[in-house]
């Protein structure tokens, strides 16, 4: 049985990432002719066209798009094997790139990363905080923290802890507008929504077998929870937010939980990694550290507010 064309697969992944043969050549440090020959050799061996080529651009064929995740996993596994060999010769060292949601990252990620950096001074951490869910493989991230429902994919996930959602408003808002007694009454209120790109997420409630869904249509829609808090405290509306964002306001009585007998969909904090289970030891060490230290930050805290 002939060996797979590992070099060809690596070149294929590089061309797909760069969007051009010349860009892949620069990224790989190879002559452009070597990149062209590598793709031609791989396509001949597969008896498939992997790219559409024009004078201006290169794009994946249907077959190429289907095979790209396999190529990326192959390259990642090879890189992880090299890293594992290096890690086995001494202290953990090298770069780790990670991404996390903005609000959670600002509130919770700093202390665990500081402790990890103190333990492993030869590791360089590169952190990007964003509420957009980027393609972590294409963007070159080693891991991502996600607080959202994960679509089916080849990405690997590790669940850290539940993230409670609370429907809240200020005492002033309740005094002026009254407290909703059923989720469907929220249509009569100023309901602040989470979303972006013109799309607002529905709020879905359950109570036993009873279900209700409401689409926010209030004074604000945002893709970040922190920007909603001042408007809530000022009595300008109602919103459903993760408890870790509003815990101080709940404890201070500035916000009050609503419809406590109804459940909102459970969110979880997850650590997401590329498909290959062969990861550098330093990445596995950070994953274990974050899984152990971030549970308390997910909002599993008591507050003094009384639900209405």
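Here are the numbers for the structure shown:
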item: Any chance residue 57 is outside the structural domain of residue 284 (by TED's automatic domain parsing) and modelled with pLDDT under 90; result: yes
item: Pairs with Cβ under 6 Å, 6+ apart, first in the stretch 241-260 and farther than 17 Å from residue 205 by Cβ, second part of a loop (DSSP other than H, G, I, E, B) and modelled with pLDDT of 95 or more; result: 246/255; 249/255; 255/170
item: Helices (runs of 4 or more DSSP H) contained in the stretch 14-132 and holding at least 3 residues closer than 23 Å to residue 273 by Cβ and free of Cβ contacts under 8 Å to residues at least 60 places away in the same chain; result: 62-87, 110-119
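The values are calculated or read from the model by the stated rules, or taken from the named source; none is laboratory data. What you see is a predicted model, and the numbers here were worked out from it, not measured in a lab. Virtual Cβ from ideal backbone geometry, glycine too; neighbours counted across all protein chains shown.
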